[in-house]
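Undergrad: The structure under discussion is supplied below as structure tokens; questions concerning it will follow.
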Amino acid sequence: MLIFQLSKSSTSVGTNYEEAQAGSSKADFKNKCKICLKEARESNYWLRVLKELLDDKNLELDRLLKESLEIKKIFGAIVKNTNL
């Protein structure tokens, strides 16, 4: 279940960003990026849960967690700086 939720939220970031690129307006673009941010936050949550469950020094998981934080920052900045 956890892996399913993680794959669902993480792939949603990509699909919503693709939709944002084809947005019909700045408002549509910003809205899709807000969804990307929400899904990135969810992905980060599931990665943290997985890390706790594994209770391990998994370097790949650490890398993915770091990457997910960067993605959250990127979409946060896009949402903040997109003027309507």
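Undergrad: Go through the range 63-80 residue by residue and turn each phi into a ³J(HN,Hα) via Karplus (6.51, -1.76, 1.60, θ = phi - 60°); whole Hz please, and just put x for glycine and proline.
TA: 5, 5, 4, 4, 4, 5, 5, 5, 5, 4, 5, 4, 5, x, 5, 4, 4, 5
Undergrad: In degrees from 0 to 90, rounded to the nearest 10, what is the angle of the helix 26-54 Cα long axis to the longest principal axis of the chain?
TA: Once rounded, one gets 0 degrees.
Undergrad: Suppose every K and R has +1 on its Cβ and every D and E has -1 on its Cβ; what is the size of the dipole of the chain about the Cα centre, in Debye to the nearest 20?
TA: On the way: 15 positive and 12 negative charges, 85 e Å.
So the dipole magnitude of the chain works out to roughly 400 debye.
Undergrad: Let me ask something additional. How far apart, in nm, are the 7 Å Cα→Cβ label points at residue 28 and residue 41?
TA: 2.5
Undergrad: Note the full-extension length gain between residue 63 and residue 19 as 0.36 nm times their separation in residues minus their Cα-Cα distance, in nm to one decimal. Mind dumping the intermediate values first?
TA: Working: separation 44, 0.36 × 44 = 15.84 nm, distance 2.67 nm.
Stretched out fully, the residue 63 to residue 19 stretch lengthens by 13.2 nm.
Undergrad: What FRET efficiency comes out for the pair residue 81/residue 8, r = Cβ-Cβ distance, R0 = 22 Å, nearest 0.05? If you can, show how the numbers build up before the last one.
TA: Details: r = 28 Å, r/R0 = 1.27.
The formula returns an efficiency of 0.20 here.
Undergrad: For the chain, what size does the Cα cloud have along each of its three principal axes, sorted from largest down, in whole Å?
TA: 45, 23, 14
Undergrad: Can I ask one more? State, as an integer percentage, the relative contact order of the chain based on alpha-carbon contacts under 8 Å between residues 6 or more apart. Don't skip to the answer; put the middle values down first.
TA: Working: 74 pairs, mean separation 28.6, N = 84.
Rounded, it is 34 percent for the chain.
Undergrad: Projecting each Cα onto the charge dipole of the range 2-81 (Lys/Arg +1, Asp/Glu -1 at the beta carbon, about the Cα centre), which of 36, 50, 11 comes out farthest on the positive side?
TA: Of the options given, the answer is 36.
Undergrad: May I pose another question? Could you give the angle, 0 to 90 degrees to the nearest 10, between helix 2-21's Cα long axis and the longest principal axis of the Cα atoms of the chain?
TA: So the helix axis and the longest Cα principal axis differ by about 20 degrees.
Laboratory data are not the source of any read-out in this text; all were calculated from the coordinates shown. No experiment lies behind these values; they were computed from the predicted model shown. Note: ideal-geometry Cβ built from the backbone for every residue, glycine included; neighbour counts use all protein chains shown.
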